[in-house]
Amino acid sequence: MNKLKNKIFIVISSILSIFLISILFIFNYQNYQAEEKHIIENLKRAGNIKDRLAEPKVKDDLPEIKGFDNRKFIDLEAYTIEIENNKIKKITSHSFEDKDEEQVEIYVNKILNKNKESSYNFLSIYFNKYSYEYKDSKTLILVNNSFSTYKLINLLKSSLIIFIILEIVIIFVSFRLTKWIIKPVISSFNRQKEFICDASHELKTPVSVILTNAEMATIEKDNPKWLNNIKSESLRMSNLISNLLDLSRLENENSKENVEEINLSKVTELAILPFESLIYEHKLKLKYDISENINFKCNQEQIKQLIAILIDNAIKHSLKNSSIEINLKEKKNDIIFSISNKGENISQEDLKRIFERFYRTEKSRNRNENNYGLGLAIAKQIASLHNGKIEATSLKGKTTFTITFKQVT
């Protein structure tokens, strides 16, 4: 179970972490592209200086400007580098402020030593103070992108801090989600574990009885009591195994198999008949109110099994000289089947779990009742396969099981 819990935790945290990383990556990449576009525009501005200077003077224009040295940018640190034989011939600054051209010279020499082709080359903004572009084979344009570098690095740092904070949140959320997801699995595992213990006890006891009686039968061959005991305990084991197989089959069965339209009113009456003598033996009374000609598309054998389970359950838990009431009604598009009996109240806690597989109330743990906690689980599964909902209520000594089937047209 711990391995499953760890796997679920890793999967959830990994998915959320990948999602977070993707968002932060996209955010930083979009900002990088925006800065890259801005730098490319600055390179074009700086590269167009020569072309603009070559244009004829226009009336009312600025005074005639000659040479690169006079063209300046207020908002841009840019340089035009004249190259001859792959060496710097002249560096012209286009900035109003005095700049240290020594750094520019060092950087340009690095570019020239790499034998760059005369095409646009964009170095990583994160690691380089300058970006450059060849205007032609003899001219190199250089612009300072320090502001973009500073901005992008700060965004990257902020993203890292956000990532660390959110990753802590992700770990906490993943842990809580894992506990929430694994809770029903643990609950189911514990119920099955409990059932295995109960079933093992139920099977172990009759097996021991059978072995003991078989041994006595070999000694007292003329005494049929031992063989009768063997038969009785064998039937108990057979019932338990049959219930387990029924539940397993129903959980894997297609609800549309063997479905036909039947007269549910007649099927219900026929399902009640075999129990009339048993009800009489338990000194109980049977009352039923079944509306006529209620048609329903269903698996007839499963519906009979469902009714039989609920009647048998009512008989086992009814007080002597009380009544069992069975009703079948049709209300709009719903078919409502209910069965009530008088007996000890079922607690609210038990009502919440009474249809769970392998669950038995403390009051029903009498092995003489052959109650393995599977009957109502089978009933719920059958109801579910027929688009139905089963509920139980217990108030003032009266317990009622109600099944509501939705008519499918």
For Lys7, which lysines qualify as cross-link partners when the Cα separation must be under 23 Å and same-chain residues fewer than eight apart are set aside?
-> Lys179, Lys183, Lys193
Set of lysines with alpha-carbon distance to Lys283 below 28 Å, sequence-local pairs under 8 removed = Lys231, Lys266, Lys304, Lys316, Lys320, Lys329, Lys342, Lys363, Lys396, Lys398
Just tell me which lysines come within less than 18 Å, Cα to Cα, of Lys44; anything on the same chain fewer than 8 places away is out.
-> Lys72, Lys129, Lys135, Lys138
With every protein chain present, what is the per residue accessible area of the stretch 121-251 (1.4 Å probe, Å²)?
-> 63
Please sort 142-151, 35-44 by packing, taking for each peptide the average over its residues of neighbouring beta carbons within 10 angstrom, highest first.
-> 142-151, 35-44
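The values are calculated or read from the model by the stated rules, or taken from the named source; none is laboratory data. Because the structure is a prediction, the values reported are computed rather than measured. Please note: Cβ atoms are built from the backbone with ideal geometry, for glycine as well, and neighbour counts cover all protein chains shown. Note: areas computed on protein heavy atoms with side chains; ligands, DNA, RNA excluded. Shrake-Rupley method; radii C 1.70, N 1.55, O 1.52, S 1.80 Å.
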